[in-house]
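Beneath this line is the structure, given in structure tokens, with notes to follow.
The values are calculated or read from the model by the stated rules, or taken from the named source; none is laboratory data. Please read these numbers as outputs of a predicted model, since none were measured by experiment. Cβ: placed from backbone, ideal geometry, glycine included. Neighbour counts: every protein chain shown.
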Amino acid sequence: MRPVIFIAAIALLAIAPARAQPLVDPNKVAPEFREAAEKRRAEQIRQRECALKADLEKVLPRDRTDYLNHCLDTIAAKQ
């Protein structure tokens, strides 16, 4: 039993931690794709703002998707 636990512990330590998708940097993209990269970065910033609001308001995981969709729709309506 102990070797199994030891192997499992080593396997967990060897796995790289999951990270969020980094923000797109339009300056590191080829010039012909820069406009699309700028749009993607703007969308990522909007998504992060809504996720932060959900965290601050302590939205339950089961309600998070609806909250984020509503938040993104609200931001889109303002623009």
Quiz item: Looking at segment 40-62, which of its residues are surrounded by 12 or more Cβ atoms within 10 Å (Cβ to Cβ) and over 15 Å from the mean Cα position of the chain (by Cα)?
Solution: VAL59
Self-check item: Matching residues in segment 1-53 - criterion: being modelled with pLDDT under 90, over 28 Å from ALA77 (Cβ atoms) and small (Gly, Ala, Ser)
Solution: ALA8, ALA9, ALA11, ALA14, ALA16, ALA18
